[in-house]
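In what follows, a structure is listed as structure tokens, so that the remarks can point back to it.
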Amino acid sequence: MNQWSKLLHFKNGSSTISSPDFFLSENGRTDPESELIATLSAFTAPSTMAHCHYPARYIWVKENYGVDLALSLQDCEDYQHWIQHSKAESVSLVYVTGYLGNPASFFGHLMMKFNRQGDNKTEIELLDTGINFGANAHPDDNPVKYVLYGIFGGYSATYTTATYYLHTGNYAENEQRELWEYELSLTEQEVALIQAHLFELQDVEFSYYFLSDNCSTAFRDILNIVLDKPLDTGFQPWDMPIDIFHAIPDVQHHGQPLVSKVNQRQSKYSRIQNKYLALSDAEKQQALSIAEDLSELDKFMQSYDFSEYEKAKVLDVLTEYTELLIVTQNEDDRDYKEQKRELLLARLQLESFSVDWPESNAIPPHLAQRPINFGIGTGYSNDYGGYVSLRGYGAYYDFLSIDAARLKDSALTVMDTELHITEDKLRLKSLDFLNIASLNTNDVALFENDRLAWQLALSVEHSECKMMNVIVHILKAI
């Protein structure tokens, strides 16, 4: 019954599913046994085609009771279309690095991917099926409503399905976030069960909370359906995507590591940065000249100072750079699509070969530091003498943190609390509810150095600051 309860998403005596139509029994949301009885009853009435609506339940019943009830999932047209579209051979969990443009994405995002059979090439993997989980917020909701509803459960949430390239387009190309894919060593039967369960969860609503019932919670629950032991992400009152990726590399499944492979999908900016830094000084100067004045392209192509291979390197960098400008810049002053066309025509003049770019040496998320920190120390104050200091963060990374699973040159702390304990009193030295900063550094001279460094802090401090202060610093980036 343990796996059966997981298929119903039971926690603390009731299901986290809020859609009443998901349950066949009147008491199904609070009683898994009555839901099992109702399910078996529905399966014995073939005219209801209940097994087509609940293929994961049918798979579970068949495996645990050893009977097929004269039913077949081959008769289920919608389900067959679902599994044929994805043709899943394996499953990956995908970590998407943080994004400071959305409070719900400060600490990253988690999604799932069905890997198609035999698709080992990067461009083909874009046709895989991506599964997302998120709040059903209205696009016009203001930030205050978004945060309050997210914290206090004002939103419902659903699993959604889309071709993986749509997710990479949104995250890696538009928002410039890195994607890390952790392929899992699951059996064919386990992959099929997960796939069937996500089919029956289409349009099913869950309650959503930013802190405790979010994308991390959702996909941990899905993964736990096929794991012998629940995934241990540590003791804390909230769920964060990075905790899943700290946990899964240590998990053994059927006597082997649960994680079989880790792949990175770079953001557009990271790809441009890695390639630009690999150019020689002379090649960088040519790239800058052409980026500033496209008429320099003809001179460059006719030059004998650069080999065809060196010209290909410059053109490849400029093409990726122009593709980013098409997405991010206003084309009123410059037609970037035409610029890309001319760059591609120039590339066609050269021999057909691939440029050997250096591989990325980025650190994967599971090697990033833990998001919770606690420290103890001692000190002396002229106001109250010696004290013991306790300091902890609810979640954090700072400028000194390992450069993994986060936005480069940024810092973010939540609930940074420092207490001073003396013989007679416990004092609150400081409490930073939120402290977020971005230096917006620029390593690629192609991009104008006009981005602002900024910091936002919401904090309470002892003595000197009697009131809550909201501090906003906007500094010109150096």
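The values are calculated or read from the model by the stated rules, or taken from the named source; none is laboratory data. Fair warning: this is a prediction, and the values are worked out from it, not measured in the lab. Cβ coordinates were reconstructed from backbone atoms using ideal geometry, including for glycine residues, and neighbour counts include every protein chain displayed. We work out accessible area using only protein heavy atoms, side chains counted, and drop any ligands, DNA or RNA first. Shrake-Rupley method; radii C 1.70, N 1.55, O 1.52, S 1.80 Å.
By how many nm would the segment from Ser260 to Thr319 grow when fully extended, if each residue of separation counts as 0.36 nm and the alpha-carbon distance is taken off? Let's see the in-between values first.
Numbers: separation 59, 0.36 × 59 = 21.24 nm, distance 3.42 nm.
Taking 0.36 nm per residue and subtracting the Cα distance, the gain is 17.8 nm.
His85 to Lys337: extension gain in nm, 0.36 nm per residue of separation minus the Cα-Cα distance? Show your work: numbers first, answer last.
Working: separation 252, 0.36 × 252 = 90.72 nm, distance 3.29 nm.
The His85-Lys337 span can extend by a further 87.4 nm.
Would you pull out the residues with amide H under 5 Å of Ser90's amide H, same chain only if 5 or more places away, H placed 1.01 Å from N?
When sequence neighbours closer than 5 places are left aside, the close amide H contacts are Asn115.
If you take the beta carbon distance between Ser18 and Trp454 as r and set R0 to 30 Å, what does 1/(1 + (r/R0)^6) give as a FRET efficiency, to the nearest 0.05? Don't jump to the answer; show the numbers that get you there.
Working: r = 38 Å, r/R0 = 1.28.
For Ser18 and Trp454, the calculated efficiency is 0.20.
For Asn361 and Glu63, FRET efficiency with R0 = 41 Å and r from the beta-carbon atoms, rounded to 0.05? Working shown, then result.
Numbers: r = 44 Å, r/R0 = 1.08.
It comes to 0.40.
Decide, for region 1-148, between rounded, prolate and oblate: order the square roots of the alpha carbon gyration tensor eigenvalues as a ≥ b ≥ c, take rounded if a/c falls under 1.5, and otherwise choose prolate if a/b is larger than b/c, else oblate.
On the way: a/c = 2.40, a/b = 1.35, b/c = 1.78.
Oblate, because a/c is 1.5 or more while a/b does not exceed b/c.
For P(r) over Cα pairs in 10 Å bins from 0, in percent, the choices are (1) 4, 21, 31, 27, 13, 3, 0, 0; (2) 4, 19, 28, 25, 15, 6, 2, 0, 0; (3) 3, 16, 23, 22, 17, 11, 5, 1, 0; which was calculated from the structure?
(3)
Carbon-plus-sulfur fraction of the accessible area of region 82-171, 1.4 Å probe, in percent? Don't skip to the answer; put the middle values down first.
Details: 2160 of 4040 Å².
Here it works out to 54 percent.
Mind ordering 291-297, 166-172 by average Cβ neighbours within 10 Å, highest first?
Values: 291-297: 14.1, 166-172: 18.6.
Highest-to-lowest ranking by the protection proxy: 166-172, 291-297.
Given a 1.4 Å probe and every protein chain left where it sits, what share in percent of the accessible area of region 1-65 is carbon and sulfur?
Working: 1650 of 3250 Å².
Ligands and nucleic acids excluded, carbon and sulfur reach 51 percent.
Taking Cα centroids, how far is region 411-435 from region 143-173 in Å?
32 Å
Along the Cα→Cβ direction, 7 angstrom out, place labels at Leu127 and Ser41. What is the inter-label distance in nm?
4.6 nm
Can you list the lysines whose alpha carbon sits under 21 Å from that of Lys425, skipping same-chain ones fewer than 8 residues off?
Result set, ordered by chain and number: Lys466.
Can you compute the FRET efficiency between Tyr304 and Thr160 using 1/(1 + (r/R0)^6), with r the Cβ-Cβ distance and R0 = 56 Å? Round to the nearest 0.05. It would help to have the intermediate numbers written out before the result.
Values: r = 54 Å, r/R0 = 0.97.
It comes to 0.55.
Defining a contact as two alpha carbons under 8 Å apart and six or more residues distant in sequence, what relative contact order in percent does the chain show?
Working: 797 pairs, mean separation 49.8, N = 478.
RCO, the chain: 10 percent.
Taking a 22 Å limit on the Cα-Cα distance, which of the listed pairs Lys313/Lys408; Lys268/Lys340; Lys11/Lys62; Lys113/Lys313; Lys87/Lys113; Lys62/Lys261 fall beyond it? Walk me through the numbers before you get to the answer.
Values: Lys313/Lys408 25 Å; Lys268/Lys340 15 Å; Lys11/Lys62 25 Å; Lys113/Lys313 33 Å; Lys87/Lys113 12 Å; Lys62/Lys261 32 Å.
From the list (Lys313/Lys408; Lys268/Lys340; Lys11/Lys62; Lys113/Lys313; Lys87/Lys113; Lys62/Lys261), the Cα-Cα distance tops 22 Å for Lys313/Lys408; Lys11/Lys62; Lys113/Lys313; Lys62/Lys261.
If you place +1 on the Cβ of every Lys and Arg and -1 on the Cβ of every Asp and Glu, how big does the dipole about the Cα centre of region 152-224 come out, in debye to the nearest 20? Kindly include the intermediate steps, with their values, before the conclusion.
Values: 2 positive and 12 negative charges, 34 e Å.
Roughly 160 debye, rounded to the nearest 20.
Given a 1.4 Å probe, how much area per residue of the chain is accessible, in Å²? Before the final figure, lay out the partial values.
Details: 24860 Å² over 478 residues.
In whole numbers, the chain has 52 Å² accessible per residue.
Please sort 301-310, 357-366, 334-343 by packing, taking for each peptide the average over its residues of neighbouring beta carbons within 10 angstrom, highest first.
Working: 301-310: 11.8, 357-366: 14.2, 334-343: 15.7.
In decreasing order of mean packing, 301-310, 357-366, 334-343 become 334-343, 357-366, 301-310.
With all protein chains present, calculate the accessible area of Arg347 using a 1.4 Å probe and round the result to the nearest 10 Å².
40 Å²
Do you know the relative contact order of region 1-134, to the nearest whole percent, from alpha carbon pairs under 8 angstrom that are 6+ apart? Provide the component values of the computation, followed by the final result.
Numbers: 145 pairs, mean separation 17.6, N = 134.
Relative contact order for region 1-134 comes out at 13 percent.
Using the per-residue mean of other Cβ atoms lying within 10 Å as a proxy for protection, in what order, highest first, do the peptides 264-277, 396-409 fall? Before the final figure, lay out each step's value.
Numbers: 264-277: 19.8, 396-409: 17.4.
Top to bottom by mean Cβ count within 10 Å: 264-277, 396-409.
Based on Cβ point charges of +1 for Lys and Arg and -1 for Asp and Glu, what charge dipole magnitude is obtained for the chain about its Cα centre, in debye rounded to the nearest 20? Show your work: numbers first, answer last.
Working: 37 positive and 69 negative charges, 183 e Å.
Computed about the Cα centre, the dipole is about 880 debye.
Whose amide H sits under 5 Å from the amide H of Met49, counting only residues 5 or more places off or on another chain, with H placed in the peptide plane?
none
Quick one: grab the alpha carbon gyration tensor of region 126-196, order the square roots of its eigenvalues as a ≥ b ≥ c, and give me rounded if a/c is under 1.5, else prolate or oblate depending on whether a/b is larger than b/c. Can you show the working numbers first?
On the way: a/c = 2.63, a/b = 1.57, b/c = 1.68.
Judged from the Cα gyration tensor, region 126-196 comes out oblate (a/c at least 1.5, b/c at or above a/b).
At 222 nm, what helix-only mean residue ellipticity would the chain give, in deg cm²/dmol to the nearest 500, using -39500 (n - 2.57) for each DSSP H run of four or more?
Details: 16 runs with 155 residues, N = 478.
Rounded to the nearest 500, the figure is -9500 deg cm²/dmol.
So how strong a dipole does region 202-278 carry about its Cα centre when Lys and Arg Cβ are +1 and Asp and Glu Cβ are -1, to the nearest 20 debye? Write down the numbers at each step before the final one.
Working: 7 positive and 9 negative charges, 154 e Å.
In debye, rounded to 20, region 202-278 gives about 740.
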